[in-house]
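See structure below.
Each reported figure results from applying straightforward, stated rules to the coordinates on display, with no laboratory input. Quick caveat, the model's predicted, so the values are computed rather than measured. Using ideal geometry, Cβ is built from the backbone for each residue, glycine included, and neighbour counts are taken over all protein chains shown.
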Amino acid sequence: MSVAVVHAETPEGRAALRAGAREAADRGQKLVVLAPLDEPAESDAVDAVVREVLGEGDWELLTDVHDGDSVGTLVELLARSGAERAVVGSRGRTATGKFLLERGLQRMIIEAAVPVLVVKDE
């Protein structure tokens, strides 16, 4: 099995990459980085960012170009990854904001077939 982490080029996304790597290491599992793309050419840039954060460790990048529904593509990537857990970053928020998650994140949590660990920027 593996742990999947959602890539986003934000401080929260980088925190999720680090948390996902720790989660995978703690479980003795492989890390799969999920990245829905606007266009195929973005794959190399995503790979470079992930390498900057995680180094050359034991991780795999799984991408697909979305058709306007990046969350749907992300849920499909998660299913294809075979991961037993997903990690995603979220912005730190006020007390009310912590209760009301971002709409895309809410949808992912609802549609994902595995538990989703939400981390905020460290």
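Tabulated values for the structure
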| quantity | calculated |
| --- | --- |
| Net charge of Cβ neighbours under 10 Å - reference ASP64; Lys, Arg +1; Asp, Glu -1 | -1 |
| Options (i) 14.6, 48; (ii) 13.7, 42; (iii) 13.4, 39 - which one matches Rg and Dmax of the Cα atoms in Å as calculated here | (iii) |
| Positive-end extreme of charge dipole, the chain - chosen from MET108, VAL50, SER81 (charges on Cβ) | MET108 |
| Candidates ASP26, ASP38, ASP64: whichever shows maximal mean-square fluctuation once the chain is modelled as a Gaussian network with Cα springs under 10 Å | ASP26 |
| Computed magnitude of the charge dipole of the chain (debye, nearest 20; Cβ of K, R +1, Cβ of D, E -1) | 740 debye |
